[in-house]
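Engineer: Let me begin by handing over the structure; questions about it come next.
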């Protein structure tokens, strides 16, 4: 097990030297969101990770209205990270704001649709030689995603002191807090425990 954080431009200026000294081994950067909107901090953070020899992957915050849009979002994520890494983890992040956005466009995303969107995104990631990850919390695992249909590692968001044995065995990453304090980052940050070495992980689970 090793510790990591996930970052977006909301985290502001980050001292990656302090981050590394604090024992952070892996960073997941928001590459972007929706239809090719690159995160304002992504390129700066990616270069800093490389300069400080910190391994990193990315996530894409999804706003798809259908499976084709989910496939395109995967391609946007791949294109963004390929400037820096030929192989790493790429996570699909579909959550409450995604569902709300779709509803505002007249699209009601149900369990079947969410599962298919995730499946298509992750398949596109794997086909490009990257490592697919699905970000989810307990609610979405129960009501939106059928994990049996999605070939990806699970990044599990659950803010509690400990996971149950079954929860821990099912996930590759546990996002344990959204209010962590880590040297090098002002304010609160998402803190994760990693149970897989994503530098050497298989493209598919």
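Bear in mind that the values in this text are calculations on the coordinates, not laboratory data. Just so it is clear, the model here is predicted, and its values are computed rather than measured. Don't worry about glycine lacking a Cβ; one is built from the backbone with ideal geometry, like all the others, and counts go over all protein chains shown.
Engineer: Whole Å is fine, so just give me how far the alpha carbon centre of segment 124-188 lies from that of segment 81-120.
Structural biologist: 14 Å
Engineer: Calculate for the chain the 222 nm mean residue ellipticity that helices alone would give, adding -39,500 (n - 2.57) per DSSP H run of length 4 or more and normalising by residue count, nearest 500 deg cm²/dmol.
Structural biologist: -10000 deg cm²/dmol
Engineer: Find the relative contact order for the chain and round it to a whole percent, using C-alpha pairs within less than 8 Å whose residues are 6+ positions apart.
Structural biologist: Across the chain, relative contact order equals 23 percent.
Engineer: Taking the chain as the reference, fit the longest principal axis to its C-alpha atoms, fit the long axis of helix 67-82 to the helix C-alpha atoms, and give the angle between the two in degrees, 0 to 90, nearest 10.
Structural biologist: 20 degrees
Engineer: When 30, 111 are ordered from fewest to most other Cβ atoms inside 10 Å of their Cβ, what list results?
Structural biologist: Taking fewest neighbouring Cβ atoms as first place, the list is 111, 30.
Engineer: Based on the mean of other Cβ atoms within 10 Å per residue, sort peptides 15-26, 130-141 so the most packed one is first.
Structural biologist: The densest-packed peptide leads the list: 130-141, 15-26.
Engineer: Could I ask something else about it? For the chain, evaluate the Debye formula with one uniform point scatterer on each Cα (no solvent term) and list log10 I(q)/I(0) at q = 0.11, 0.19 Å⁻¹, rounded to two decimals.
Structural biologist: -0.46, -1.46
Engineer: While we're here: Sorted by average packing, counted as other Cβ atoms within 10 angstrom per residue and highest first, what order do 114-121, 142-149 take?
Structural biologist: Most protected by this proxy first, the peptides run 114-121, 142-149.
Engineer: Of the listed peptides 85-92, 156-163, what is their order by residue-averaged count of other C-beta atoms within 10 Å, with the highest listed first?
Structural biologist: Packing order, densest peptide first, comes out as 85-92, 156-163.
Engineer: Per residue, how big is the convex hull of segment 1-102 when only Cα atoms are used? Give it in Å³.
Structural biologist: With only Cα atoms used, segment 1-102 gives 104 Å³ per residue.
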